[in-house]
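Beneath this line is the structure, given in structure tokens, with notes to follow.
A short reminder: the numbers here are calculations on the coordinates, not readings from a lab. Note that the structure is a prediction, hence the values are computed from the model and not measured. Heads up, the Cβs are rebuilt from the backbone with ideal geometry, glycines too, and the neighbour counts pull from every protein chain shown.
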Amino acid sequence: MKNILAISGSLRARSTNLTIIENIAELFSDQINVTIYDGLASLPHFNPDLESETPVAEVADWRRQIRASDGVLICTPEYVFSIPGALKNALEWTVGTSDFAAKPVVLITASSLGEKTHEALFLVLKTIEAKISEKTALLISGARTKLNSEGKLTDAPTIEAIKLLIESFLRAIDD
């Protein structure tokens, strides 16, 4: 059983992105144990002056959870053709560390469109040395239309794409 830290790039309580993460956790419950990171909103704004031997408690916890996981799953919307601020802030807190170095990451950009964010976030993750590839990244445009009113994924091509994505992610963890 792989321990996966999941991050929704949306701060909304019942976001489409969180719902997709929950669907993945259910679909792969026999292979992965998903912990949803709930501290995104409480991380202070990134400030290099706050970096020290003893980082702010929220930052220390964020970094600890990344290191403790076998892999990280990010599912995010696109806000104004860019990465949501809270998610970008969280990633900035890892730039001066090796927390993401060689850490298997799966990226799902689930939004109305999402191309710009997907491209930008893929670049950010490569820059912080996350272990990510085209096989562990998926763009789901029109994301809300892929879920029914109960929040279950119902779009067969999307379900199949997610299955292939997570299988690639699990292989990346084992490599």
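Worth a mention:
Condition check ((1) among the aliphatic types (A, V, I, L, M); (2) surrounded by fewer than 16 Cβ atoms within 10 Å (Cβ to Cβ)) across all residues:
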| position | (1), (2) |
| --- | --- |
| M1 | yes, yes |
| N33 | no, yes |
| Y37 | no, no |
| S42 | no, yes |
| D61 | no, yes |
| S69 | no, no |
| V80 | yes, yes |
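- Residues of region 3-12 that turn out to be within 22 Å of R144 (Cβ to Cβ) and either more than 16 Å from the chain's Cα centre (by Cα) or surrounded by 18 or more Cβ atoms within 10 Å (Cβ to Cβ) (or both), as a count: 5
- Residue check, E129 within 18 Å of I7 (Cα to Cα) and acidic (D, E): yes
- In the set L123, L113, only one residue is surrounded by fewer than 20 Cβ atoms within 10 Å (Cβ to Cβ) and not in a helix (DSSP H, G or I); that residue is L113.
- L18 vs. criteria within 29 Å of S141 (Cβ to Cβ) and in a strand (DSSP E or B): no
- Pairing residues of region 27-43 that are more than 14 Å from R63 (Cα to Cα) with residues that are part of a loop (DSSP other than H, G, I, E, B) and not acidic (D, E), at Cβ distances under 6 Å and at least 6 apart in sequence or on separate chains, gives N33/M1; A41/L11.
- Neighbours by Cβ (under 7 Å, 6+ apart or cross-chain): first from region 110-127, free of Cβ contacts under 8 Å to residues at least 12 places away in the same chain; second of a type in the set (A, V, I, L, M, F, W, C): K126/I132
- In region 72-99, the residues that are of a type outside the set (F, W, Y) and either on the phi > 0 side of the Ramachandran plot or in a loop (DSSP other than H, G, I, E, B) (or both): P77, E78, V80, I83, P84, T94, V95, G96, T97, S98, D99
- Per the conditions (1) without any contact (Cβ under 8 Å) to a residue 40 or more places away in the chain; (2) outside any helix (DSSP H, G or I); (3) surrounded by 16 or more Cβ atoms within 10 Å (Cβ to Cβ); (4) among the aliphatic types (A, V, I, L, M), the sole criterion not satisfied by A102 is (3).
- Residue among I108, I173, I162 that is among the β-branched types (V, I, T), assigned to a strand (DSSP E or B) and surrounded by 16 or more Cβ atoms within 10 Å (Cβ to Cβ): I108
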